[in-house]
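Structure, as structure tokens:
The values are calculated or read from the model by the stated rules, or taken from the named source; none is laboratory data. Since we're looking at a predicted model, the values are computed, not measured. Reconstructed Cβ throughout: ideal geometry from the backbone, glycine too, with neighbour counts over all protein chains shown.
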Amino acid sequence: MKRWFVFYFLSLLSAVPENLSYGMDDLSTVVLLRVHEPRENAFSMLVPKGWQTAGGIFRVDPTAQGGPSQSIAAKLDFAIMKDQQGTVMARWLPDMLYFDAGMSPAGQMGLFPPGSNYAGMTVYPKMTAIQFIDQIVIPYAHPQATGLKITEQRNLPGLALRIQQRAQAAIPGMTFQYNVAILGITYWESGIQFEEKLFAIIEDWGQLGSGMWGNKDTFLMRAPIGKLSATEPLFSLIRDSVIINRQWLSGELRGQMQRIQTVREVQKSIQQIEQDIVEHRRKTNAEIHNDMFLTLTSQEEYVNPFTNEVETGSNQWQHRWVNPAGEVIYTNDETYDPRIDANLNRSDFQRTPVRKRFE
């Protein structure tokens with residue numbers, strides 16, 4: 001069955017005025033700069049000035065993995081960090097495929113015990129999203145964590161149903177089932193106590209997959225304990241600013257077509273995705289992600305005065321400014337005007353009004 005994977009996120013740009021704060025200590029004004037995914041230029045996004053990034057797109061060698069299943073699509077392991085230690089951090093973890101051997105006669109005979117390899121997939125019984133976060137994601141992301149406590153477990157059946165409906169519309173006859181959840185935790189790492197939210201979607205391939213299942217859109221965000229809620233609007237801004245490189249996406253889909261030899265199905269997917277890119281621009285292939293952040297954070301829609309396009313942003317500040325380069329400033333200061341800020345040395349910023357609602 002053909003699948004496509006869309007990826008996001010960055011590597012870091014230009015200068016910033018000294019009299020503004022770009023960390024998490026003061027969010028009265030935030031300057032975000034557009035940067036690009038460093039390894040394949042797969043996407044660009046806005047990142048707070050002075051923050052660091054790590055990782056990006058990577059490819060799995062099927063000869064090293066023991067099979068081709070993980071090599072069909074590009075993977076993403078990417079983090080945005082306030083500092084080198086990641087004391088405030090958002091991280092996107094790779095989509096991986098797993099195999100439930102209980103769905104196959106050979107597995108039922110005990111030939112593929114948990115932890116073994118099946119065509120490049122690790123053998124695990126199918127998990128819920130909460131089980132996957134607890135058993136797979138946390139040990140992978142935080143191998144040095146101690147004193148871990150679960151503070152929140154939240155299933156999102158409504159979001160799971162919407163994802164399934166979209167998948168069925170894109171691939172009629174598919175049998176995928178979805179489970180979606182958020183897990184909140186606290187833990188100690190490198191002498192700092194953190195609080196963290198982790199989000200995951202589990203995709204069960206059902207009868208067509210004969211035991212295949214995997215995680216999608218696995219994401220975490222953390223901050224020192226007591227400070228996470230203040231960071232969530234900023235992480236939402238970052239997520240919603242993603243622009244996928246259309247040329248990269250088309251090339252990625254064609255590469256997947258060659259690797260799995262399903263020409264008609266992949267070509268149809270390419271054409272559909274390209275139509276969606278034209279029609280929905282930045283929101284193409286991001287509806288699931290947008291739903292995730294709408295669940296987690298408050299947002300607003302603004303009209304870009306340069307392009308007249310509707311852009312999704314935060315409602316946590318009173319004023320929003322943009323310039324033709326796509327740089328954005330948020331502020332609660334009624335008197336602040338970036339056009340006369342000598343440190344910015346830019347006179348082309350304009351306010352972005354809130355999109356008018358239908359009456």
(request) Kindly check whether there is at least one residue in the range 143-165 that is within 18 Å of LEU93 (Cα to Cα) and surrounded by 12 or more Cβ atoms within 10 Å (Cβ to Cβ). (result) yes
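Within the range 257-271, does at least one residue satisfy the condition of being more than 17 Å from the chain's Cα centre (by Cα) and either hydroxyl-bearing (Ser, Thr, Tyr) or at pLDDT 90 or above (or both)? Talk me through it step by step, then tell me what you get.
Taking the range 257-271 and keeping what is more than 17 Å from the chain's Cα centre (by Cα), we get 257-271.
Keeping just the survivors that are either hydroxyl-bearing (Ser, Thr, Tyr) or at pLDDT 90 or above (or both) gives 262, 269.
Yes, the range 257-271 contains at least one residue that is more than 17 Å from the chain's Cα centre (by Cα) and either hydroxyl-bearing (Ser, Thr, Tyr) or at pLDDT 90 or above (or both).
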(message) For the list (1) touching a strand residue (DSSP E or B) at 6+ places or on another chain (Cβ under 7 Å); (2) crowded, with 19+ Cβ neighbours inside 10 Å; (3) modelled with pLDDT under 90; (4) among the β-branched types (Val, Ile, Thr), I need the number of the one condition that THR297 fails.
(response) (1)
